[in-house]
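Asker: My structure is below; once you've seen it, I'll send some questions.
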Amino acid sequence: MVNLEKLGKSTVYFKSSEKMSELEDNSIDVIITSPPYNRGKVYSDDSGGIYNDKKSKSEYYQLLTNVWTECFRVLKPEGTFFLNIGDSANDQGLSEEVVNLTSNVGFFRIQTIIWVKSLLGKGHYTPSGGNRRLNNVWESIFLLVKNKKKYRLYPKAIGIPYADRSNIGRYSEENLRDPGNVWLIPYLQTTGSTIKKGHEAPFPIELPYKCIQLTNAETVLDPFAGTGSTLAAANSLGKVSFGYEKYPRKNIIRNTVLNAQPRLTPTILLPHLELTASILTKLCQKLDYDFLKESCTFKFTKKEQVELEILKETLKELDLNLPILNRYFSDCSNLEKFEDRKLDDFF
Ligand SMILES: C[S@@+](CC[C@H](N)C(=O)[O-])C[C@H]1O[C@@H](n2cnc3c(N)ncnc32)[C@H](O)[C@@H]1O
């Protein structure tokens, strides 16, 4: 009997994904996974067994080739495959070798998305550079397909606002545009704590969450499910998902799949941050000035009103709260009516 568990709309099979006979041919919309890295990373399962992922190169290639072959079989012709793997500072080139194995079984390589795990000190990464290299703070997400003509992406489903709103209308009617192929998703978990929990390399839920949104997929598969991050993302989007994990920590998987929610911040643009800082400064000066004058009157030009709207959205994305702005916008369905407001109204 197959060892499995159903968690919401997810089914996790506790076995090797080298044979995914539970899944029918051409049945999956999107595959999102991060394979074992074959770098001596240590995993452990519920029975206390320790699994070291270091195999000989030929065994490792054979394992991945078997799994990629099964992935090709179960993916729909219009489906997509996001393969996440990073190089370490001291071991460059593995990611290319792993993605090349997917070409051998029939996948086409469309694009590489760069997942930035840490930027300017925000986000965790494993220090491995020493004094000969800089640390690696990004990983690849290879976008692969079975049929180059049949797949579709929906970039605006993960769209970001225009930094320069004068572009609205020129390229699009809505304030959303393609976010590009560099995704900043700060890596929050530290290696030490996740090893103790049994898995060293979970990716953030926001990563599979974006991939599912980008493809508008209904059925999701992760053949190396680990802690269940992909299934958690699928569950939180109400999609059907399947995972395979040979060395499971079932409680961790249960908890992740059923409870973990994506933190959808920050998706912020750096230009917006700069703009925000300058708007905030100007706004504060203005308030101070009004206070000093005791005129108690807000006067915002149309341009300032638009800037305030950007500021509000930016602060929302950063999970910051500026009560005065919330008040302004909640009262103010038609901005034009509110060009002149009494300062007292906002506190
Ligand atoms: C890099 S981790 C995946 C982490 C996962 N993305 C997450 O967010 O938790 C790779 C996983 O593959 C599992 N694994 C290794 N060999 C396997 C096999 N043959 N079949 C299924 N899972 C396997 C390991 O136990 C490990 O949990």
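Asker: Using a 7 Å offset from Cα along Cα-Cβ at THR112, what residues in the range 131-164 end up with backbone N under 20 Å from the label point?
Answerer: Backbone N within reach: 133-146.
Asker: Check SER27: other-chain or 5+ apart residues with amide H under 5 Å from its amide H, H built from backbone geometry?
Answerer: LEU75, LYS76
Asker: Okay, next question. Please rank LEU120, LEU231, LEU214, LEU221, fewest neighbouring Cβ atoms within 10 Å first, as an exposure proxy.
Answerer: So the residues, fewest neighbours to most, are LEU120, LEU214, LEU221, LEU231.
Asker: Taking a label point 7 Å from the Cα of ASN90 along the Cα→Cβ vector, which residues of the range 105-133 have an amide N closer than 18 Å to it?
Answerer: Taking a point 7 Å out along Cα→Cβ of ASN90, the residues of the range 105-133 whose backbone N falls under 18 Å are 125-133.
Asker: Going by C-beta contacts inside 10 Å, put TYR244, TYR187, TYR61 in order with the fewest on the left.
Answerer: Going from least to most buried by this count: TYR61, TYR187, TYR244.
Asker: Within 10 Å of each residue's Cβ, count the other Cβ atoms and sort ILE185, ILE310, ILE31 from fewest upward.
Answerer: Lowest count first: ILE310, ILE185, ILE31.
Asker: Another question, if that's okay. R0 = 41 Å: FRET efficiency of ASN181 with SER47, Cβ-based, nearest 0.05?
Answerer: Step by step, r from the Cβ atoms, then E = 0.50.
Asker: Here is a follow-up. Can you tell me the FRET efficiency between ASN3 and GLU59 if r is taken as the Cβ-Cβ distance and R0 is 22 Å, rounded to the nearest 0.05?
Answerer: For ASN3 and GLU59, the calculated efficiency is 0.40.
Asker: Suppose each label sits 7 Å from its Cα in the direction of the beta carbon; what would the VAL105-ASN147 distance come out to in nanometres?
Answerer: 2.0
Asker: List the chymotrypsin sites (Phe, Trp or Tyr not before Pro) within the range 85-176 that fall in a DSSP loop (any state other than H, G, I, E or B) and whose Cβ has at most 15 other Cβ atoms within 10 Å.
Answerer: The qualifying sites are TYR171.
Asker: So, one more: Would you compute the Debye intensity of the range 4-259 from its alpha-carbon atoms alone, equal scatterers and no solvent, and pass along log10 I(q)/I(0) at q = 0.16 Å⁻¹ to two decimals?
Answerer: The Debye formula, applied to the Cα set alone, gives -1.27.
Where a number appears in this text, it was derived from the coordinates with a stated rule and is not lab data. Everything numeric here is computed off the predicted structure, so don't read it as measured data. Backbone-built Cβ (ideal geometry, glycine too); neighbour counts: all protein chains shown.
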